[in-house]
Structure formats: structure tokens, C-alpha cells
1. From the set of residues in the stretch A:45-58 that are more than 17 Å from B:R256 (Cβ to Cβ) and of a type in the set (S, T, N, Q), which is nearest to the other protein chains (Cβ to nearest Cβ)?
2. Considering only the stretch B:110-122, I want to know if a residue exists there that is out of contact with any Lys or Arg (no Cβ under 7 Å at 6 or more places or on another chain), at pLDDT 85 or above and of a type in the set (K, R).
3. Given the conditions (1) of a type outside the set (G, A, S); (2) modelled with pLDDT of 95 or more; (3) over 26 Å from the mean Cα position of the chain (by Cα), and given that B:L70 satisfies all but one, which numbered condition is not satisfied?
4. Need at least 3 residues that are over 20 Å from B:N208 (Cα atoms) and modelled with pLDDT of 90 or more per element, so show me which helices (runs of 4 or more DSSP H) inside the stretch B:220-307 make the cut, counting only ones lying wholly within it.
5. In this structure, does B:A35 turn out to be modelled with pLDDT under 75 and within 14 Å of chain A (Cβ to nearest Cβ)?
6. Are any residues in the stretch A:77-91 closer than 24 Å to A:L62 by Cβ, in a loop (DSSP other than H, G, I, E, B) and at the interface with chain B (Cβ under 7 Å from one of its Cβ atoms), and if so, which ones?
7. Given A:D135, A:D165, which one is buried (at least 21 other Cβ atoms within 10 Å of the Cβ), touching a strand residue (DSSP E or B) at 6+ places or on another chain (Cβ under 6 Å) and within 11 Å of chain B (Cβ to nearest Cβ)?
8. Select, from B:A273, B:A252, B:A283, B:A268, the only residue that is in contact with a strand residue (DSSP E or B) (Cβ under 9 Å, 6 or more places away or on another chain), surrounded by 22 or more Cβ atoms within 10 Å (Cβ to Cβ) and either under 24 Å from B:A131 (Cα atoms) or not basic (K, R) (or both).
Amino acid sequence: MSPILAARGLRLAYDSRVVVENLSIDIPDGGFTVIVGPNACGKSTLLKALARTITPSAGEVLLGGSPMLSYRSKQVARRLAMLPQSPISPDAITVRDLIGRGRYPHQSLLRQWTAADETAVDEAMAATAVGELADRLVAELSGGQRQRVWIAMVLAQQTELLLLDEPTTFLDIAHQYDVLELCARLHESGRTLVVVLHDLNQAARYATNLVVMKDGGILAQGSPTDVLTADLVEAVFGLPSLVIPDPETGTPMVVPRRPRVR
Amino acid sequence: MSRRQGPAARPARRPAARPVLRLGEAVSLPIDRRALTVGMLVVVAILLAGFLTLTLGSLGIAPAQLLPALFSDPGGTEGFVLSRLRGPRLTVAIATGAALGVSGALFQTVTRNPLGSPDVIGLGVGASAGAATVGLLYPGVLPVPAGALIGAAVAIVLVWLGTGRGFSSPARFIIVGIGVSAMGSAYTQFVIARAGREQALVLSAYLNGTLASRGWDDAVLIWGALAALVPIALLLGRRLHLIEMGDEMADALGARSGRTRIASIAVAVCLSAAAVSVAGPIAFVALTAPQIAKRLGRSPGTGILLSALTGALILVAADLLVQQSLMGVQLPVGILTAVVGGVYLGYLLIRESRKGTL
């Protein structure tokens, strides 16, 4: 049984610059996959390819065992939602209207707003606890509130797969964990998550499947406890470190060492 | 802080559901009450400006006789004014303003920038250059409006070649457009300088954009273009809403930003070209109408119909002013819109550069 989302022999390039070469991956169904790696290792590019917002120059992404390109674009959007790193909030849009835009793949020319749309938006707002903000303008929200609203928008898409590109960037530490806890709840409710993160300790704490990338390839993949070792951190980031159990969760925690003074 | 509480901790306050137009199971469309109200008010304002256009001045039709005159040919001076002078001029003004408004709304949405409008990116200037070429350098080869159309097309192709990647970078689009504009106006000046003074004077009204002495054939052309192209623009409208949130977001939602952008620009260029070919390059209506519509409607999104109505109102009102001005000479309406719109463009340039979006 092949997983819902997988990639085979991907080559991803911007113009002539190849970022990812010959990469294959299976995304475990129902898992919380976190992709980590140094800057410019191709992790966001891989996420975009999985969400078909960039087209591979070789290889293919498989959705439900069939090539992504064999589906109509709206069909894909009913199964897979993706939140880019910096989406643009339109001028003068309210929270409720923005979340409603996530319903586009379920709508048609003559059925632009149905009871099902209304319900999906209400559910998405309840899941992200943004109900009180419904009539506020998105532009007036704080960074943490805004990120929850964007997540509500992709939730309103009602997809089994949810891809998030660095959802914690630009947030303070409390709001980072707020978003991660929200992701964990979504995972527990049965969704398959693929999230790009920067922070190794956060990745280890929340991931059920950790993917470590370097130079456009996958270096290691598996449960954080198996994957995240001091040797790996040194090999990937060039950072000598200790890896100890997180006192709160028991998951691996990376503590960087200071350079030895001669 | 309530953010650690689960979703059940506090039921979300449910705002009034949006009003929806339903026809059985098949049709379910949302209604924007405010946009509807504003739209009707703008229609009333257009009717009022149209009424004044037909009744004011020494050739004006007496208000009491206007309604009967509309439904039966009154003959005489009134008939001449209605069927030859102000009637076609008003009809052309409404549709030209609407075409410019829609064209601007489409351009500004796909570039996500109010400066990405046909005026700034060189369509109008290209049309002028084309008109000058046909009218002054090679008179008699082609009708002047055809030259304008070709000029506008050449300008957009140059902008397209200059930006590359199918218009996907709004900032490059605008900067290249400003460059093409500058080249186009330099070329037009060159042609005018080479031509004789008298010839240049003949063309100058057209080069500024004018609605004087328009006929019913112009009206048929521009209303035909509206009838063909506005429905396409409306069909693109929902996808344009998604493009507002960034190409990646739109693609993820299944709205295929690349195709939508190309289709929108094609529709917008055709509308602009139709407007230019009947009235010359009337400046800044396409730039201002969608912005005013956005503020009036106070709703996100493209507001294609509201932009059309606002464009029509601006042009009818501007043309009313130039017709009734006391300067003795009737200015081309394009000069009035250029003066007013130019101030607005300056304001936008300052605001956008402060915001760092340019």
C-alpha cells in the first residue's frame, strides 16, 4: 500500500540552479512529519514540490499513488492544503472572509457559498480558537493571531493532508509553541502533517517522523529519538553539541557546545 | 490567556451568516449588501451626470422635454443635439469609463499594486505613439484608432519581454512599464517635432484623449467590447481574489496563478485598447477608478462591476466639466483627468515607496 503522498526521483530547480537532486520520500499516512536542515538545503523547495506549487524538472510527486499532474488543480486542493511562509493578507479583509477563501476548491461558479462552506469556516475557527476575531480586520491582528487565522484558512479547505512552511517564523516563543500545540492537536484529530521547522528541539518534540536534509538530499529519516544524534547535528550543521533527553518530554534535545578556547 | 483552552472552552460568537441568493440546490451565491447599495448609488450619480450633460448649456435640451425626446425623435435642434452631438458622446463616455475601470482593476489585482495600472505601465503612451506614427509619419495608411491599438499592443509586448517569466514579478512589471512609457513618450515627441505644426495640432486632441465628436459607430465598438469582455473578467474574479494572497497560496488553492494572470492581462489590454481606439489615451481613469471603488465598497477583492461603474462616473463627470467649462475653448477631457489623476499618482508613488512595496 503506497502512502497518500510520496515523491520519486525529484529534481527541483529554479531556472538553471538545481536545488534538489534525485530525491525520493514517503510521507507516512497520519504522521506528523517535520523537515529540518540548514538554510538553503532545499527543505522549503521540497515542501513546495509536494504541494505542486513548483513543478519538478525530473521525477514526480504521487498523490494517492497517481502522478500529481494527472489531477485537476482543484481536485488536489480538496485533498492537500499548503500554507506558504509569507502569504499576503488582502487589504480590508475580515478574519471570517479570509478563512472563507479556503473554501475555493469546494465551490463552483453557481455554488459560491453554501451551508457546507459556512460550517467548514465555523469549524476551522473553533479548532484554531479565532472565533472571537471573526469580524476583525486581518491587518489589525498580532503576528500570533494572524498565523492562527491563516492556519484556520487552510483548515477550512478540509483536506487530509496539511503542509506548513515554517509556520513559527516571526513569532515569539509563546506563540511558536501555541502554533505547534495546534499542529499537534490537528495531528491527533487524524490529519497528516508535513511541516518545515528551523528549531531542532521543537522538531524533536512534536515530530513522529523527522526528515533531515542537507545539500538538496535527505540525510536521515525516522523517529526523532533514532535520528537526532550528536554526530548527525555535527555532520549536518557543523555544530558540536550534546544531545540529552528533554526534561519535559524525554525527546532528544540539542545543546550546542562552546568552542574550545586554546 | 485563553489560548491554551480547547475549542470547546468558549463557543465562538457566531456573526450573522452572510446573505445568500439561493435557487434550489444548483445556485447559492453570496450577496455583498454594501457593494450592492454603493453600486446603485453610483448608477444614480451616473444618471444625474448624464442628465446634466444633456440639459446644460446653450444647446441643452429643456429638462421637461428630455424624457419625451428620448423616446420619440423630436427633430430640430434638440434632435440634432441628442442624436449627433451629446447623445453619442455620453454613450461613449459611459462605456469608455467602464472599460478603463475594469482594465485598471484587473491590472492592479494581478500586479497586487495600485501602480500596476495601464496608465503607468505604458499602454496609453504606446497608444499615443502608435496614433502619432499612423497620423503624422504615414498618414492615410491606417485609421488613427488602428494605429493606437497597435501601439498599445507593442507596448505590452515590450513590457512582457522586459519582465520575463510572464509578468510574475509586480515590481519589475511596474519598473519596466515606466521605462517603456518613457521611451514611448520620447518617440511621440520626436514624431510631433518632425511633423508640421498644423498637422500636429490636428492630432493633439486625440493624443490627449477626447470624447468630442464621437459617433454611434464608436459607441457600438466600445459597448461591444464591454459586452464581450466584462463577463470574462467576472469569471476570472474569484481566482483573482486568491491571487491577492500571493501566487503560491493561489496555486495551493487550485487557482493556477500563471494562467489566470495571463488571461486577466489579455482581457485588460483588449479593454484598454478598445477605450483608446474610441477616445484616445484618456489618462488615469484606469488608475483611480478601482482605488475609489475599493474604498467605496469597503470590501476586499477586485470589485470588477463597482470599478466599471466608478470609471463610468468619473469619465462622464469629467466630460461634463470640460463641456461646460467657461474657458471658451473645450479642453480634451484627457487633460482634465491627467491633471487630477497626476496628483493622485504622485500621492500613490510617495505612499508605496514609504511602504517599501516598490
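1. Step by step, filter the stretch A:45-58, then rank; the result is A:T45.
2. yes
3. Condition not satisfied by B:L70: (2).
4. Output list reads B:247-252, B:257-279.
5. Here the answer is no, as B:A35 does not meet what is asked.
6. A:P84
7. A:D165
8. Answer to the check: B:A252.
The values are calculated or read from the model by the stated rules, or taken from the named source; none is laboratory data. Since we're looking at a predicted model, the values are computed, not measured. In this analysis, Cβ positions are derived from the backbone assuming ideal geometry, glycine residues included, and neighbour counts consider all displayed protein chains.
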